[in-house]
Amino acid sequence: MEKFDLSIRNKRVILALGAESAGNFSVYKNGDVHFSEGFGDLIEEKNFTEYKESLLAFLKKEQVEPGVILSDLHPLFRTTALAQELAAKYGAEYVPVQHHIAHIFSAIGDEIVSNSEKPKKCSPKDCFGIACDGTGYGFDEKIWGGEIYSLQQAAGSIRCTRIGHLENQILLGGELAVKEPARIMISILGKILSKKEVYGHVRKHYSRNEFELLWNQLEQNFNCLETSSTARILDAASVMLGFSKNERLSKHGPVKMLEENSAKPYALKPIVEADEKENLLVLKTTPLFEYLINNIDKDRNRLAATAQKYLADGLLRLIGLQSDSPEPQFIYFAGGMADNAIMSGILGAQGAYLNKKIPRGDAGISFGQIFYILLADPRN
């Protein structure tokens, strides 16, 4: 366990169980945050057993009796069920924390424990959070993954308000689209091309009969989930440009291949539109694929970089449209895609803060959950 001594004081003892995809837990007690090692994907029984045994052993050894227990918002995560079980055992308050909000507060917490100076305060309209990753359960029960928030001081706590996101695309077949990114290609290209043209772009991945089944599934909206995921967009671009196969051998494998094969990007202005129904700004990602199709015969290494730059530039543009100030805005950039060198390089050059001590991906979620309660809970 790593231990951080904070200047933040709270009478409550807080236990955070993190997300399921990268097992990790954190405990706040008497001004200290204890941050555990990583246990890997808790879907695997061996990892979950080690995680739970280590957690219970720590609570017993340190005589921790939590008054508040936190988990991810996702109702089906094993950590969610465990948090509810432990809350009943200790008579503690159970609080679910939305995945991407936890990512952003992980960055805020990292800034606090990484700097000896007093951390930057978030004042109205001059502080934002960007969380980009693969999968996170949203308040609307959709799959989020490219989220932008404004961070404002209000009544002694930080108010975190979602102000925009990447365009929602379709996960054709749900979780299968994560394992086969060409399914996402089908759903995106289906917005701008004919059925015959779409098949021309995925025929090396699917037979005619397989494609017909997928196309019918898309038309009938059967087992089709909406997602604003950044990683899914880059997965699809990686497969489309031929840098990765239609498979997912590691968590962010296709994205990594896209990054490693990137050269000087082409100029492509991002498109941001207002969604009046949601009252949010949306960074459109379909135009990116239209550009890739129209320029597919150009240098694909440059197209790879263009896809990543388009997203980073678009996130900055969205924040610029939201802010009333002409000055650059202070930004926290978090989530698994904050490890992407191109995106983090562009945002970092604009002054965005990126985690230095705590993992930027899901292994830092429990840490962020703790700081969300410490800094954003109006009851403090």
Mean Cα-pair separation over length for the chain, i.e. relative contact order, pairs under 8 Å, 6 or more apart, %: 21
If the reach is capped at under 15 angstrom between alpha carbons, list the aspartates and glutamates near Lys46, excluding any in the same chain fewer than eight residues apart. Glu20
For Gly40, list long-range residues whose amide hydrogen, built 1.01 Å from N in the peptide plane, is under 5 Å from its own amide hydrogen. Gly23
Relative packing of 272-281, 170-179, which averages over residues the other C-beta atoms within 10 Å, highest first: 170-179, 272-281
Please list, ordered by chain and number, the residues whose modelled amide H lies under 5 Å from the amide H of Tyr353; skip anything fewer than 5 residues away on the same chain. Ile331, Tyr332, Phe333
Tell me, what is the percent relative contact order of the stretch 163-274, built from C-alpha pairs under 8 Å that lie six or more residues apart? 31
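Probe of 1.4 angstrom, ligands and nucleic acids ignored: what's the accessible area per residue over the stretch 216-305, in square angstrom?
Ligands and nucleic acids excluded, the figure is 51 Å² per residue.
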Hz values of 3J(HN,Hα) by residue in the stretch 330-341 - Karplus curve (6.51, -1.76, 1.60), Gly and Pro given as x: 6, 10, 9, 10, 9, x, x, 6, 5, 7, 6, 4
Rg to Rh quotient for the stretch 163-282, alpha carbon positions, Kirkwood Rh: 0.97
For the stretch 1-147, radius of gyration divided by Kirkwood radius, i.e. Rg to Rh on alpha-carbons: 0.96
Distance in nm between Ala57 and Lys269 label points, each 7 Å along Cα→Cβ, equals 5.9
Can you send over the carbon and sulfur percentage of the accessible area for the chain, probe radius 1.4 Å, protein chains only? 49
Among [x] 1.00; [y] 1.37; [z] 1.05, which is the computed Cα Rg over 2.2 N^0.38 Å? [x]
Integer Hz, Karplus 6.51/-1.76/1.60 couplings in order for the stretch 139-152, x for Gly and Pro: 5, 8, 6, 8, 8, 8, x, x, 10, 10, 10, 9, 10, 9
For the stretch 285-380, using Cα atoms only, the Rg and Dmax in Å read 16.7, 57
With respect to the cross-link table entries Lys251/Lys309; Lys195/Lys264; Lys191/Lys256; Lys191/Lys277, which display a Cα-Cα separation exceeding 24 Å? Lys195/Lys264; Lys191/Lys256
Glu259 neighbourhood, Cβ < 13 Å, K/R = +1, D/E = -1, net charge -1
Please give the length that would be gained between Asp5 and Glu212 if that part of the chain were fully extended, namely 0.36 nm times their separation in residues minus their C-alpha to C-alpha distance (nm, one decimal). 68.7 nm
Estimated 222 nm signal from helices in the chain, with DSSP H stretches of n ≥ 4 weighted -39500 (n - 2.57), rounded to 500: -12000 deg cm²/dmol
For the stretch 1-82, just say rounded, prolate or oblate: build the C-alpha gyration tensor, square-root its eigenvalues into a ≥ b ≥ c, call rounded for a/c under 1.5, and beyond that prolate if a/b exceeds b/c, oblate if not. prolate
Just want to confirm a number: the relative contact order over the stretch 219-368, from Cα pairs under 8 angstrom separated by 6+ residues, in percent. 20
Tell me, what ³J(HN,Hα) does each residue in the stretch 349-359 have, in order and in whole Hz, if you take phi through Karplus 6.51 cos²θ - 1.76 cosθ + 1.60 with θ = phi - 60° and put x for Gly and Pro? 5, 8, x, 5, 8, 10, 3, 10, 10, 9, x
Under a 5 Å amide H to amide H cut-off, with H placed in plane at 1.01 Å, what residues pair with Tyr266 once short-range neighbours are removed? Thr306
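The values are calculated or read from the model by the stated rules, or taken from the named source; none is laboratory data. None of these values were measured; they are calculated from a predicted model. Positions of Cβ are backbone-derived with ideal geometry, glycine not excepted, and every protein chain shown enters the neighbour counts. Just the protein is used for accessible areas: all its heavy atoms, side chains included, with ligands, DNA and RNA removed. Shrake-Rupley method; radii C 1.70, N 1.55, O 1.52, S 1.80 Å.
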